[in-house]
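Q: I'd like to ask some things about the structure below.
The values are calculated or read from the model by the stated rules, or taken from the named source; none is laboratory data. No experiment lies behind these values; they were computed from the predicted model shown. Here the Cβ is made from the backbone with ideal geometry for all residues, glycine too, and neighbour counts use every protein chain on show.
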Amino acid sequence: MNIEDIKTPEDILQYLEEHIQYGWIDLNNKAHIMTMKDFRKLYKTITIEETIKVGMGVCIEQVNLMHYLFNKIGIKNKMFCCRLYEPDDYNNPEEDEHMHCFLLYYLNNKVYHMEHPNFNRTGIYEYNSEDEAIKAIVDYYIELREGKESPTKEFFDVPTGLTFQEFNTYINNLDTENVYKG
């Protein structure tokens, strides 16, 4: 499957399965595959083109790529970020990150969640409404986080070159309300 061949949501998922693995490129351009070790210290966001070229991304890059591909085939979609709230000045580089970005798309009066970066839940999930989808997804992460609140915001793009802390600050300061407090 090549990008030029993508016509449906199922094609997007197939493309991701064939070409994109879970991983990230650090500030020193070193690849980290299937690990989050040193993520808070060394992560930086990359462009869609870089994601395609290196064939990897964490949820941030993968959702950004999905957003691009859905826009390319003309299907309405939205990106969301669900995380434990951290203030802008929070900087504990040894702590695990607690964030997940996800994408919803809208087709035939239904709402769908395409999941690829969480490799334990890869697939397409159907919901009757956006609220139902967001609640189900966020509740899953609240359970993983042992009941901790997971404020969730819609976001619209992924600025390039942001560290994890800078991306968190970017999400904190979006001029949008939390769509779900969980």
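Q: Name the residues in the stretch 114-155 that are in a loop (DSSP other than H, G, I, E, B) and either closer than 23 Å to residue 21 by Cα or in contact with a His (Cβ under 7 Å, 6 or more places away or on another chain) (or both), would you?
A: Looking only at the stretch 114-155, we keep the residues that are in a loop (DSSP other than H, G, I, E, B), and these are 116-122, 128-129, 145-151.
Within the stretch 114-155, 116, 117, 118, 119, 120, 121, 122, 145 meet the criteria.
Q: Ok, one more. Can you find a residue that is buried (at least 19 other Cβ atoms within 10 Å of the Cβ), at pLDDT below 95, of a type outside the set (Asp, Glu) and touching a strand residue (DSSP E or B) at 6+ places or on another chain (Cβ under 9 Å) anywhere in the stretch 65-79?
A: no
Q: Sticking with this one: Among 157, 131, 96, 175, which is the only one that is more than 27 Å from residue 49 (Cβ to Cβ), surrounded by fewer than 13 Cβ atoms within 10 Å (Cβ to Cβ) and modelled with pLDDT of 90 or more?
A: On the way: 157 fails: more than 27 Å from residue 49 (Cβ to Cβ); 96 fails: modelled with pLDDT of 90 or more; 175 fails: modelled with pLDDT of 90 or more.
Step by step, each of 157, 131, 96, 175 is checked, and only 131 is more than 27 Å from residue 49 (Cβ to Cβ), surrounded by fewer than 13 Cβ atoms within 10 Å (Cβ to Cβ) and modelled with pLDDT of 90 or more.
Q: To continue, here is another question. Could you grab the pairs with beta carbons closer than 7 Å, sequence gap of 6+ or different chains, first residue in the stretch 153-170 and in contact (Cβ under 8 Å) with a residue 40 or more places away in the chain, second one of a type in the set (D, E, K, R)?
A: Filtered contacts from the stretch 153-170: 154/78; 161/44; 162/44; 163/44; 164/40; 164/97; 168/86; 169/88.
Q: So which strands (runs of 3 or more DSSP E) stay within the stretch 1-107 end to end and still have 3 or more residues that are within 28 Å of residue 174 (Cα to Cα)? Break it down stepwise before answering.
A: Numbers: elements: 21-25, 31-33, 77-83, 99-107.
Filter on the stretch 1-107 gives 21-25, 77-83, 99-107.
Q: Looking at 105, 141, which one is surrounded by 15 or more Cβ atoms within 10 Å (Cβ to Cβ), of a type outside the set (Gly, Ala, Ser) and closer than 24 Å to residue 42 by Cβ?
A: Result of the check over 105, 141: 141.
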